[in-house]
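The values are calculated or read from the model by the stated rules, or taken from the named source; none is laboratory data. Remember, predicted model here, so these are calculated numbers, not experimental data. Reconstructed Cβ throughout: ideal geometry from the backbone, glycine too, with neighbour counts over all protein chains shown.
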């Protein structure tokens, strides 16, 4: 029992060029669109402890009382150790589904528990839906910008991704209609429209009620599915909640994706899909092939946690915390970002999307920012094409107020330097170079959007 | 032999460095050495003093590791280390300084102009841009002076694209250069112990030839080693590479990147600490010369312990 453990077996060190070519010859075609890049290497630097990272999408899990977790896990061990350590049904435990029904009811939805499959996080839900619906070359429609984590999923299933611009009211449904007509003329039917309608990641904007209604209507009309990803709906800081697409549609053409990541913990990796029974059946088969079932232990944990009540008050605590941090970030942006910058003012969620003058590439800006020990997500990660190069995603949930202030101050400083430099390089173009922002492109007739153009002078 | 492997650090190329370092550690362990990996940080000197290694294997890339900073500390501490001496590293990582040295030694390197940020901000250098653009022609290449990978390297197809490219390049360094674009084949010569290894050619697999991101990515760039070259070209490339290493003082260990244009080879830059990952060019070249990765690591270590053997 006290034997000294052997060092782990080391992989053969001399992987040769021939080996590499041999592996490369075996790779599936879809791996050619899974790209790594120098920019991805750059993100490795953001993990250094001295870096203030506004790049993550992390909820603040330090707010969960450790003694509570200990008590819950002890209870599970005492009551049902054997079952908690065992495999479970592919679609998930009924008792955990009851918790999901409770969460969805809190947002006005009444799903049939039989329409639910519990997944290993919301990310697996996106993967399974795409796996179920998309053949190589099939059209998938999403927002521009879209959730950066969805891009590699769509790419790995070789989808033909079309991104629809947004404004302060979310996805431009007029542009969506145009695209649907164009596709129809080409004889192509998109498989689904992926959207984060509420507190969009990364845009921070929310789809208006009129547009929600029209989107659901279009889905029926064209008989295509809408995949509604709603991780942040409960994290509303103010204003009236809007009905989820699932509620408006009744679940005929809307597949709903939910998660416990933002209301409880991302570490437990629990998400879910609600889909019409024929689609759900295929998703369950796909999930069985992927991982047989979602973690039994964490499903038991959720069940235990919900049985004690009070899950809503924990969400309320998070909302209070994040509201304060959002306010801090908005204040810091107003103080430190240059006059040419614009950004969204989200009513909930975790992210602000900022857009800089179009001559600034936020990938390069990140390199400069890292020299000041601060990080963000360059906008291009949210696009399948070359758009978004002058935008960035900023997270306000995972760091404290002091770090938000300092982080934004540092980013503002490096942007200011670039603006100043550009103006010294191209004095004649400084007028016309003032922003062609990608998000705040709302049409004149639209209601005042929550996109705030900054009017402050660049700080020296 | 007790070997510390220096890797990681604060450089933007931290990711590549960690991969190089991990692969070197594996090889050193297999060779029976006592290996101590160190992620270069604020406690570097303290840890080196405590470990008292026989030799340091430097697997750091980019500013902070490849620029002579770490090497200088190792020289002060009297610890032998792999790769070029501090002064040679400092000369090599700075493309402007390296190209000036090459020019002085009569080695062909594309025409260039270098600027600091101050020149634009305080001295109105922007007014000189049009003249330079006339001299260099389009497209031209804008590069940060220091930095080992393709980060911040941009093509400008017209005068309108130059300011944006400069802003990008200045994100990585306070000095940048505008360089004449040479159309041709991309080749790299790795040098070990004063001798050139077989030449590697990088052939972009698809798409935009100006996409630097694609250049060193498996599947998007195809590497041929030894490169298919005429004996004349091969000799000219090898001579230029060796002359470059001699001029910069890194003939023991380095990789020289060149473009073979219609009028012969042009030296672009020298990497004092070339990558040692699975996809790096130096290990490929060594393999083409019949050396396994272990052989390569052994040779690099021998050169560090007995520099006269170079």
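From B:132, B:123, B:136, grab the single residue that is within 10 Å of chain A (Cβ to nearest Cβ), surrounded by fewer than 24 Cβ atoms within 10 Å (Cβ to Cβ) and either over 20 Å from residue B:67 (Cβ atoms) or within 15 Å of the chain's Cα centre (by Cα) (or both). Spell out the reasoning first.
Values: B:132 fails: within 10 Å of chain A (Cβ to nearest Cβ); B:136 fails: within 10 Å of chain A (Cβ to nearest Cβ).
Checking each option against the conditions leaves just B:123.
Can you say whether residue B:255 is within 11 Å of chain A (Cβ to nearest Cβ), crowded, with 17+ Cβ neighbours inside 10 Å and modelled with pLDDT under 95, as far as the supplied structure shows?
no
Hey, any hits in region A:207-225 for a residue that's touching a helix residue (DSSP H, G or I) at 6+ places or on another chain (Cβ under 9 Å) and more than 23 Å from residue A:165 (Cβ to Cβ)?
For region A:207-225, residues touching a helix residue (DSSP H, G or I) at 6+ places or on another chain (Cβ under 9 Å) and more than 23 Å from residue A:165 (Cβ to Cβ): present.
Tell me the residue from A:331, A:335, A:316 that is out of contact with any strand residue (DSSP E or B) (no Cβ under 9 Å at 6 or more places or on another chain), over 23 Å from residue A:53 (Cβ atoms) and not in a loop (DSSP other than H, G, I, E, B), please.
Being out of contact with any strand residue (DSSP E or B) (no Cβ under 9 Å at 6 or more places or on another chain), over 23 Å from residue A:53 (Cβ atoms) and not in a loop (DSSP other than H, G, I, E, B) holds for just one of A:331, A:335, A:316, which is A:316.
So which of A:326, A:387 ends up being outside any helix (DSSP H, G or I) and either touching a strand residue (DSSP E or B) at 6+ places or on another chain (Cβ under 8 Å) or without any contact (Cβ under 8 Å) to a residue 12 or more places away in the chain (or both)? Please lay out each step first, then the result.
On the way: A:326 fails: outside any helix (DSSP H, G or I).
Sole residue among the options that is outside any helix (DSSP H, G or I) and either touching a strand residue (DSSP E or B) at 6+ places or on another chain (Cβ under 8 Å) or without any contact (Cβ under 8 Å) to a residue 12 or more places away in the chain (or both): A:387.
From (1) touching a helix residue (DSSP H, G or I) at 6+ places or on another chain (Cβ under 9 Å); (2) surrounded by 23 or more Cβ atoms within 10 Å (Cβ to Cβ); (3) part of a helix (DSSP H, G or I); (4) more than 14 Å from every other protein chain (Cβ to nearest Cβ), pick out the condition that doesn't hold for residue A:367.
Exception for residue A:367: condition (4).
Per-residue answers, yes or no, for (1) modelled with pLDDT of 95 or more; (2) surrounded by fewer than 20 Cβ atoms within 10 Å (Cβ to Cβ); (3) not in a strand (DSSP E or B):
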{"site": "A:114", "(1), (2), (3)": "yes, yes, yes"}
{"site": "A:126", "(1), (2), (3)": "yes, no, yes"}
{"site": "A:129", "(1), (2), (3)": "yes, no, yes"}
{"site": "A:136", "(1), (2), (3)": "no, yes, yes"}
{"site": "A:143", "(1), (2), (3)": "yes, no, no"}
{"site": "A:148", "(1), (2), (3)": "no, yes, yes"}
{"site": "A:154", "(1), (2), (3)": "no, no, yes"}
{"site": "A:158", "(1), (2), (3)": "no, yes, yes"}
